[in-house]
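The values are calculated or read from the model by the stated rules, or taken from the named source; none is laboratory data. What you see is a predicted model, and the numbers here were worked out from it, not measured in a lab. Note that we place each Cβ from the backbone using ideal geometry, even for glycine, and neighbour counts take in every protein chain shown.
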Amino acid sequence: MLRFLTAGESHGKGLIAILEGMVANLPLLPEDINSELKRRQRGYGRGERMKIEADEVEIISGVRGGKTTGSPIGMLIRNKDWENWKEVMKIEGECKGGERYIPRPGHADFPGYLKYNLSDIRDVMERASARNTASQVAVGAICKKFLNEFGIKIYSRVIQIGEIKDTSDYREVFKNYEKIESSDVRALYKEKEMKRVIDRAKESGDTVGGIFEIIITGLCPGLGSYIQWDKRLDGKLSFILMSIPGVKGVEVGAGFSAKSFYGSEFHDEFFIENGKVKRRSNNAGGIEGGITNGNDIWIKCMMKPISTLKKGLNSFDVRDKREVKSEYERSDVCAVVPASIIGENVSAFIIADAFLEKFGGDSLEETKRNYREYLRNIEKYF
């Protein structure tokens, strides 16, 4: 079983991640993680913070001689902006400045302030910040490295910003992925139109959301289970994707569009080709009954507009309930692009966990042996 914990604040000394349960003997270097952290920092509509930080991980445990040891992997990502926030975020003594008393609608500010009985909103803002997703990406990068050993790949792209939507089939991603990776909005089509929407939002002091896709290939059937509700793989993926700040909706496969299908149109019919089982469609998104069925996993996630707006929204002061506009805290105009990278990496954690639950093994070699044996058992179908 894989599990991870993260710690840290947006403007604190740094971010911490601990991944437990990863097999021994997986080749792993800081660059395997840094490459994903760099991808997370990209994107049209990103704020000034990305010009300050250049995220790099320091692996402090669980790796020796370029390979995992089977022990918990500890990682530290230092915040360069800490130098500018030492008085606000210091551990000991009286903190000076940075207090916030006006909650932003749509943020964790007000419910967090009430839940933890805080003196001001700063503590909520620091931990609830999307800055903390860097820790999740670091964890996911290790899981990606593990899955790559078994030919499992994870792709993503942006398919909608505001009202501009790319309706092309997700399978076009595979032959055009370099174009997506080089795009400022990680889109295959309609990049210019999407950028114009972001520009309009920026000019008016507003923000804008959108939709990104996650596609996972190379999966064998049999990951996940229908045995208990919390074993269903689509449920686990939806859970972790919804944990990304700002994500308010997840669709697996055809998703909500299935409401207009008849059963005879929606369900992915079988056919046999050269003695192997094939499917005529992938409306289920690669998961049936909570279990991978051999098709690509295909998921779409909707991210709301960011809740920090330059022009402010109607709010109030928690000290006296005086009605005022919400205050601006440095933020992005659109974060759908980095959310797609975060989505890849948190999905990698769930898939790696399901993979290890199915095949076990304390070392990479043992897991590979178990995996090969399973493939031999089902090769007559695939």
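All of SER61, SER71 fail the test of being in contact with a strand residue (DSSP E or B) (Cβ under 6 Å, 6 or more places away or on another chain), modelled with pLDDT of 95 or more and farther than 17 Å from ILE342 by Cα, apart from SER61.
Answer yes or no: is there a residue in region 100-115 that is at pLDDT 95 or above, under 30 Å from GLY21 (Cβ atoms) and hydroxyl-bearing (Ser, Thr, Tyr). Among the residues of region 100-115, not one is at pLDDT 95 or above, under 30 Å from GLY21 (Cβ atoms) and hydroxyl-bearing (Ser, Thr, Tyr), which makes the answer no.
Note on region 132-145: residues that are charged (D, E, K, R) and surrounded by fewer than 23 Cβ atoms within 10 Å (Cβ to Cβ) total 1.
Per-residue answers, yes or no, for (1) more than 25 Å from VAL337 (Cα to Cα); (2) surrounded by fewer than 19 Cβ atoms within 10 Å (Cβ to Cβ):
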position	(1), (2)
ILE227	yes, yes
LYS231	yes, yes
ASP234	no, no
SER243	no, yes
PHE266	yes, yes
GLY289	yes, yes
ASP296	no, no
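For LYS192, the requirement of being more than 22 Å from the chain's Cα centre (by Cα) and either part of a helix (DSSP H, G or I) or among the acidic types (Asp, Glu) (or both) is met. Would you please name the residue that is modelled with the lowest pLDDT, looking only at residues in region 38-57 that are in contact with a helix residue (DSSP H, G or I) (Cβ under 6 Å, 6 or more places away or on another chain) and closer than 18 Å to GLU181 by Cα? Looking at the filtered set, the residue picked out is GLY45. All conditions but one from (1) basic (Lys, Arg); (2) within 20 Å of VAL336 (Cβ to Cβ); (3) out of contact with any strand residue (DSSP E or B) (no Cβ under 8 Å at 6 or more places or on another chain); (4) not in a helix (DSSP H, G or I) apply to ARG200; the one that does not is (4). Tell me whether region 270-285 contains one or more residues that are under 19 Å from VAL337 (Cα atoms), in a strand (DSSP E or B) and of a type in the set (D, E, K, R). The answer is no, given that none of the residues of region 270-285 is under 19 Å from VAL337 (Cα atoms), in a strand (DSSP E or B) and of a type in the set (D, E, K, R).
Among residues of region 305-321 that are assigned to a loop (DSSP other than H, G, I, E, B) and crowded, with 19+ Cβ neighbours inside 10 Å, those with a Cβ under 7 angstrom from a residue that is among the aromatic types (Phe, Trp, Tyr) and at pLDDT below 90, sequence gap 6+ or separate chain, pair up as THR308/TYR328.
If you filter region 77-99 down to residues that are under 26 Å from ALA138 (Cα atoms), surrounded by fewer than 19 Cβ atoms within 10 Å (Cβ to Cβ) and not acidic (Asp, Glu), you find that the one that is modelled with the highest pLDDT is ARG78.
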